[in-house]
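Asker: Starting off with a structure, shown below.
The values are calculated or read from the model by the stated rules, or taken from the named source; none is laboratory data. In this text, all values refer to a predicted model and were calculated from it rather than measured experimentally. Counting neighbours? That spans all protein chains shown, and the Cβs are built from the backbone with ideal geometry, glycine included.
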Amino acid sequence: MVDQLPNRGRETEMLKEMGYKGMEDLFADIPADVRFKGDLPLRGPQSEEEIIRDARRLLGSNVAMGSRPSFLGAGLYRNYVPASVFQLVTRGEFLTAYTPYQPEVSQGMLQAMWEFQTLVSELVGLPIANLSLYDGSTAAAEALTCAVRVHNRKASQPNTVYVSALTPPDKLSVMHNYCQGAEIDIRMLSHNEDGTLDLQALEQAAGSCGVYLEQPNPLGVLDEGLTAVKEIVGEHTALIVGVQPISLGVVEAPGHYGADIVVGEGQPLGSPVTGGGPLYGIFACTKPYLRLMPGRIVGRSIDVDGKEAYCLTLSTREQHIRRHRATSNICTNETLIALMGAMHMALLGPDGLRELAQRNMRACQKAKEALSETPGVRLVHDASHFNEFVIEVEGSASACLTYLDDNGIIGGFDLARWYPDKTQHLLVTTTDQTSLADIEALCAQLAMWSKHQEVTA
Amino acid sequence: MSHLFGHNGAENTGYSQPAGLDCASEPSVPKGLMRKQAAQWPRLSEPEMVRHYTWLSKRNFGIDTGFYPLGSCTMKHNPRVNEVIAQLPGIADIHPHQPEHHLQGLLSIYYEMQHMLEVCAGMDQVTLQPVAGAQGEFTAVRCIQEYFRMRGEDQRTKVIVPDSAHGTNPASAAMAGFEIVEIPSRADGRIDLDALAAVADETTAAMMITNPNTLGLFEADISAASDIVHKAGGQMYYDGANFNAILGITSPGLMGFDAVHFNLHKTFSQPHGGGGPGSGPIGVKAHLAPFLPGPLAARREPSAEERSMAVDEHWYHWHEPEHSIGKIQQWHGNAGAVIRCWAYYRRYGNGLTTMSEHAVLNANYLRHAIHREAKTAGVDHLFVDGAETDVAKHEFTLSMQPAKEAMGVSAMDVAKGLLDRGYMAPTVYFPLVVPECMMIEPTETESKDTLDTFAKHFVEVLKTDPETLHAAPVTTPVRRVDEVYAARNLCLRHPFDEA
């Protein structure tokens with residue numbers, strides 16, 4: 001019996017008071033020819049205890065990354081999220097609220113999101129941040145359409161944007177879906193052998209509406225060359241930089257080297273990987289983009305007594321006011337996950353963020369050092385890395401991953417899934433959760449794998 | 001006031017971390033890329049951080065706080081076991097790129113959810129990829145767009161929406177590159193078939209509509225509308241925002257729709273979290289299925305080796321539709337939200353019909369109770385139904401226009417008066433076709449007593465003198481917020497240099 005219905009057993013009483021004979025009277029306006037016949041062909045209801053038992057069985061059969069050495073990242077990162085974040089975010093006042101349309105009773109979330117905007121703004125070095133888009137990919141895609149709205153009139157290459165050729169195909173596909181409606185042409189920017197951006201090839205992007213690059217790039221490389229990009233592309237081309245937010249504890253904020261828009265997957269700050277969602281997309285920008293940017297924004301205001309108060313502002317950009325002329329169709333966003341991010345950021349503070357970034361750097365460095373001494377493994381890029389790096393293995397990377405999996409290790413990401421010709425390349429990801437024992441296990445098994453390959457060869 | 005940026009403790013007052021790994025050589029950032037100035041983040045200890053966010057939470061109103069009759073948003077109770085389930089490592093700590101044999105439990109839940117939504121909506125294939133209702137709309141119109149491109153019907157560049165539609169409908173279609181044709185509703189708030197017939201032609205790609213409509217009325221002419229659009233060669237798109245009214249009673253498929261999105265955060269209780277996350281799966285008829293974004297969960301007979309790892313008699317795997325439009329977000333949808341909604345579905349199973357019956361029962365009862373109390377108190381002349389109807393569905397509208405004319409009391413005044421009595425206000429000024437509109441949706445998880453008490457309080461508000469109402473609310477953490485001031489004096493982040 002379903003236990004979520006307080007008026008079960010009172011139906012007749014309520015219907016009678018309204019002058020109806022039965023529930024059927026309430027549906028008399030639905031024509032017979034569109035009515036369901038019979039019961040829904042679905043399973044019967046379950047009690048809470050049965051549901052949680054099934055959930056534990058089914059979800060328990062999934063392999064949690066934390067249950068074994070895991071080096072899979074490629075855009076999502078397993079970091080530790082402090083316990084207080086989960087405790088606070090499940091407070092019903094946050095968890096069960098809707099969008100703050102009535103600011104007088106939504107001050108808590110509004111202020112928390114205004115603080116989130118400030119935290120993100122400071123993190124990326126830009127004056128304005130919204131209170132989240134769906135994920136890093138949609139934030140990047142909306143940054144491209146935003147750049148075109150802002151720059152199209154003065155651009156010598158109107159309706160054109162350039163993105164790094166390293167951009168993961170799934171993210172690129174999101175960009176295509178978001179850009180095709182406005183007939184925006186997405187062109188590719190090539191990279192050098194060492195993983196850095198080809199600054200000479202970049203010159204072709206000057207005069208376009210926007211350029212999208214990542215720091216660290218999708219292969220984990222920290223690319224100093226990005227600091228030269230804004231000068232090359234010029235003031236009428238938006239420099240959009242995608243970031244891993246934790247890296248900004250040690251890596252320069254893109255706003256300080258010319259970025260006009262910064263986007264990114266917020267997930268590493270505040271949220272577990274959660275099968276890829278819900279996450280939150282970071283979106284920050286400079287002033288010229290403000291009135292054409294997507295997403296909700298909170299402003300500080302006053303109430304009728306002159307008391308400090310917060311409310312949603314600049315709503316005339318949004319779909320519920322501007323309808324088909326809105327800057328984006330986004331309505332529901334990822335506020336609660338952004339709140340988790342804000343809590344994590346608040347708890348870390350500037351020193352904690354630097355320390356966390358350094359721990360991530362150390363795990364990465366340790367893994368690189370250990371793997372560089374592992375037989376049959378070659379580090380592909382001699383560069384500075386954050387979180388992840390590419391190795392070349394003996395034989396096929398895909399078969400190697402299967403071998404590692406058979407031996408209880410989630411070995412990384414097969415780069416052939418992004419770049420079909422890279423059949424021997426694995427993207428190995430470390431985070432603050434990577435232990436020395438994890439790294440040693442990976443190296444030992446990769447050494448075994450190399451040996452197997454030699455024998456077979 | 002508690003201000004996050006007022007906390008400036010000593011260095012390293014925050015969360016303490018274990019030492020990093022020892023390396024042979026120190027890791028380093030390229031010189032020109034080293035961060036020169038740290039972010040101006042606050043420094044606070046865990047006790048201070050916990051107190052700050054607890055203080056903030058007490059200045060926020062959720063379903064747990066009190067009755068939340070926000071029309072169109074389906075603010076039903078969020079069962080707590082769903083939160084416990086969503087934090088299990090088997091969902092919180094899995095990566096979408098793990099191999100299929102690591103994710104059999106997740107895949108089986110995806111499959112079950114796809115199937116359940118297909119059954120409830122009368123559609124042939126569901127994808128759980130879109131992460132919000134608006135993204136579901138966008139995804140579906142993109143599928144429709146590619147369907148017509150493949151058929152060589154590139155001239156279908158227009159999408160029809162009624163003037164009572166949610167703003168996301170025209171925004172989503174415009175984002176996909178469609179031209180929007182808005183048609184007026186009839187005086188009674190229902191679809192105008194003549195107006196529809198006048199605009200449906202060989203340039204029509206789709207019509208987007210919700211049913212029950214945004215006035216909470218069932219569009220009895222929906223089959224005729226479907227016929228008009230289909231005869232013109234267009235597709236019918238169902239906005240599932242109001243799905244809570246009809247589960248197990250009718251379905252978009254039975255009404256003639258080709259595509260539909262679901263708001264799992266409305267109908268299936270994913271908590272809305274102050275604005276998100278959501279989940280916006282879409283379902284389509286077979287002819288649109290090849291265009292869906294993947295991956296979809298599919299299943300087959302397991303091999304002998306797979307059998308030992310299977311969660312039931314099937315082997316579950318990901319599947320990419322043949323002519324997929326590609327990705328609309330990078331990963332596999334909001335898996336965490338899907339899991340919560342799966343747990344919610346399991347609670348009802350085939351009893352989902354009862355859920356919708358109670359949603360409609362409560363809406364009609366509340367409408368009845370408000371009229372009853374108003375009559376008793378002699379204030380029934382201060383409002384009228386937003387649309388004339390015998391029965392409403394899961395929500396109903398009232399127009400405060402008479403109160404406005406008689407005593408200068410607006411829908412917003414009434415809303416603020418309700419805040420003072422401990423309620424979340426209904427949706428106001430939407431749909432735009434009802435003057436001084438209040439849109440009220442109680443949901444099935446409110447008791448008769450709550451509805452009776454709310455009706456009494458609603459009438460009390462109407463009896464309040466206009467001056468008091470203009471000044472409301474007075475019991476809330478702040479009084480009426482000056483939105484014009486916010487827009488004219490933009491302050492979008494903490495001003496660090498302010499005294």
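Asker: Select, from B:TYR68, B:TYR15, B:TYR53, the only residue that is under 26 Å from B:VAL338 (Cα atoms) and of a type in the set (Ser, Thr, Tyr).
Answerer: When all the criteria are applied, what remains is B:TYR68.
Asker: A further question follows. So which strands (runs of 3 or more DSSP E) are wholly in region A:268-348 and hold at least 2 residues that are more than 8 Å from chain B (Cβ to nearest Cβ) and within 30 Å of B:ILE91 (Cα to Cα)?
Answerer: A:281-285
Asker: Please go through region A:248-280 and pick out each residue that is touching a helix residue (DSSP H, G or I) at 6+ places or on another chain (Cβ under 6 Å) and of a type in the set (S, T, N, Q).
Answerer: A:SER271, A:THR274
Asker: Also: For region B:468-479, check the following and say yes or no: at least one residue is touching a strand residue (DSSP E or B) at 6+ places or on another chain (Cβ under 8 Å) and modelled with pLDDT of 95 or more.
Answerer: Scanning region B:468-479, I find at least one residue that is touching a strand residue (DSSP E or B) at 6+ places or on another chain (Cβ under 8 Å) and modelled with pLDDT of 95 or more, so the answer is yes.
Asker: From the list B:ILE85, B:ILE63, which one is within 29 Å of B:SER356 (Cβ to Cβ), in contact (Cβ under 8 Å) with a residue 12 or more places away in the chain and not in a loop (DSSP other than H, G, I, E, B)?
Answerer: The match here is B:ILE85.
Asker: Would you point out which residue out of B:HIS95, B:HIS77 is within 9 Å of another protein chain (Cβ to nearest Cβ) and within 30 Å of B:PHE291 (Cα to Cα)?
Answerer: Result of the check over B:HIS95, B:HIS77: B:HIS95.
Asker: Being within 11 Å of another protein chain (Cβ to nearest Cβ), touching a residue at least 12 places away in the same chain (Cβ under 8 Å), of a type in the set (Lys, Arg) and within 27 Å of B:LEU432 (Cα to Cα) is the requirement here; does B:LYS158 meet it?
Answerer: no
Asker: Out of (1) under 19 Å from A:ASN177 (Cα atoms); (2) assigned to a helix (DSSP H, G or I), what's the single condition that is false for B:ARG156?
Answerer: Only one criterion is unmet by B:ARG156, namely (2).
Asker: Name the single residue that is nearest to A:ILE261 (Cα to Cα) among those in region A:82-126 being more than 7 Å from chain B (Cβ to nearest Cβ) and part of a loop (DSSP other than H, G, I, E, B).
Answerer: A:LEU126
Asker: Hey, could you check region A:302-319 for residues that are over 25 Å from the mean Cα position of the chain (by Cα) and of a type outside the set (A, V, I, L, M, F, W, C) and say which is surrounded by the most Cβ atoms within 10 Å (Cβ to Cβ)?
Answerer: Among them, the one singled out is A:TYR310.
Asker: Test each condition in (1) of a type in the set (Phe, Trp, Tyr); (2) more than 12 Å from chain B (Cβ to nearest Cβ); (3) part of a helix (DSSP H, G or I) for A:TYR162 and report the one that comes out false.
Answerer: (3)
Asker: Okay, moving on. Here is a list: A:ILE337, A:ILE330, A:ILE321. Which entry is of a type in the set (A, V, I, L, M, F, W, C), assigned by TED's automatic domain parsing to the domain that holds A:PRO254 and touching a strand residue (DSSP E or B) at 6+ places or on another chain (Cβ under 9 Å)? Outline the logic, then answer.
Answerer: Values: A:ILE337 fails: touching a strand residue (DSSP E or B) at 6+ places or on another chain (Cβ under 9 Å); A:ILE321 fails: touching a strand residue (DSSP E or B) at 6+ places or on another chain (Cβ under 9 Å).
The conditions single out A:ILE330.
Asker: Yes or no: B:GLU436 of a type in the set (Asp, Glu), within 13 Å of another protein chain (Cβ to nearest Cβ), under 23 Å from B:PRO212 (Cβ atoms) and in contact with a Lys or Arg (Cβ under 8 Å, 6 or more places away or on another chain)?
Answerer: No: the conditions fail for B:GLU436.
Asker: Could you please give the count of residues in region A:1-48 that are crowded, with 19+ Cβ neighbours inside 10 Å and either touching a Pro at 6+ places or on another chain (Cβ under 9 Å) or small (Gly, Ala, Ser) (or both)?
Answerer: So the count comes out to 1.
Asker: Any residue at all in region B:366-379 that is under 27 Å from A:ILE321 (Cβ atoms) and crowded, with 22+ Cβ neighbours inside 10 Å?
Answerer: There is no residue in region B:366-379 that is under 27 Å from A:ILE321 (Cβ atoms) and crowded, with 22+ Cβ neighbours inside 10 Å.
Asker: Mind listing whichever residues of region B:170-189 are more than 19 Å from B:GLY240 (Cβ to Cβ) and within 12 Å of another protein chain (Cβ to nearest Cβ)?
Answerer: Once the filter is applied, which keeps residues that are more than 19 Å from B:GLY240 (Cβ to Cβ) and within 12 Å of another protein chain (Cβ to nearest Cβ), region B:170-189 yields B:ALA174, B:GLY177, B:PHE178, B:GLU179, B:ILE180, B:VAL181, B:GLU182.
Asker: Against the definition (of a type outside the set (Ser, Thr, Tyr), within 11 Å of chain A (Cβ to nearest Cβ) and either buried (at least 24 other Cβ atoms within 10 Å of the Cβ) or free of Cβ contacts under 8 Å to residues at least 60 places away in the same chain (or both)), how does B:ASP452 come out, yes or no?
Answerer: No.
Asker: Of B:GLY349, B:GLY336, B:GLY378, which residue is more than 18 Å from A:LEU42 (Cα to Cα) and free of Cβ contacts under 8 Å to residues at least 60 places away in the same chain?
Answerer: B:GLY378
Asker: Here's something else I'd like to know. When the residues of region B:179-197 are narrowed to those that are touching a strand residue (DSSP E or B) at 6+ places or on another chain (Cβ under 8 Å) and of a type in the set (A, V, I, L, M, F, W, C), which ends up surrounded by the most Cβ atoms within 10 Å (Cβ to Cβ)?
Answerer: The residue in question is B:ILE191.
Asker: Do you know which residues across region A:369-384 are assigned to a helix (DSSP H, G or I) and surrounded by fewer than 20 Cβ atoms within 10 Å (Cβ to Cβ)?
Answerer: A:GLU369, A:SER372
Asker: With the requirement that a residue be outside any loop (DSSP other than H, G, I, E, B) and of a type in the set (Ser, Thr, Tyr), what does region A:425-439 give you? Talk me through it step by step, then tell me what you get.
Answerer: First pass over region A:425-439, keeping only residues outside any loop (DSSP other than H, G, I, E, B): A:425-429, A:436-439.
A:THR429, the sole residue that qualifies.
Asker: Anything in region B:88-100 that is in contact (Cβ under 8 Å) with a residue 40 or more places away in the chain and in contact with a Phe, Trp or Tyr (Cβ under 9 Å, 6 or more places away or on another chain)? List them, or say none.
Answerer: Scanning region B:88-100 gives B:PRO96, B:GLU100.
Asker: May I pose another question? Tally the residues that are at the interface with chain A (Cβ under 7 Å from one of its Cβ atoms) and in a loop (DSSP other than H, G, I, E, B), restricting the search to region B:1-35.
Answerer: 16
Asker: Need the failing condition index for B:GLY62 against (1) surrounded by 13 or more Cβ atoms within 10 Å (Cβ to Cβ); (2) more than 7 Å from every other protein chain (Cβ to nearest Cβ), just the number.
Answerer: (2)
Asker: Select, from B:GLY167, B:GLY136, B:GLY105, the only residue that is of a type in the set (Gly, Ala, Ser), facing chain A (nearest Cβ under 7 Å) and buried (at least 22 other Cβ atoms within 10 Å of the Cβ). It would help to see each step written out before you state the result.
Answerer: On the way: B:GLY167 fails: buried (at least 22 other Cβ atoms within 10 Å of the Cβ); B:GLY136 fails: facing chain A (nearest Cβ under 7 Å).
Exactly one of B:GLY167, B:GLY136, B:GLY105 is of a type in the set (Gly, Ala, Ser), facing chain A (nearest Cβ under 7 Å) and buried (at least 22 other Cβ atoms within 10 Å of the Cβ), namely B:GLY105.
Asker: Condition check: assigned to a loop (DSSP other than H, G, I, E, B) and either within 21 Å of B:PRO431 (Cβ to Cβ) or in the same structural domain as B:PHE396 (by TED's automatic domain parsing) (or both). Does B:LEU196 satisfy that? Even if it seems obvious, please write down each step before you answer.
Answerer: Working: assigned to a loop (DSSP other than H, G, I, E, B): no; either within 21 Å of B:PRO431 (Cβ to Cβ) or in the same structural domain as B:PHE396 (by TED's automatic domain parsing) (or both): yes.
In short, no.
Asker: Looking at region A:169-182 only, could you name the residues that are more than 7 Å from chain B (Cβ to nearest Cβ), surrounded by fewer than 24 Cβ atoms within 10 Å (Cβ to Cβ) and not hydrophobic (A, V, I, L, M, F, W, C)?
Answerer: The answer is A:PRO169, and nothing else.
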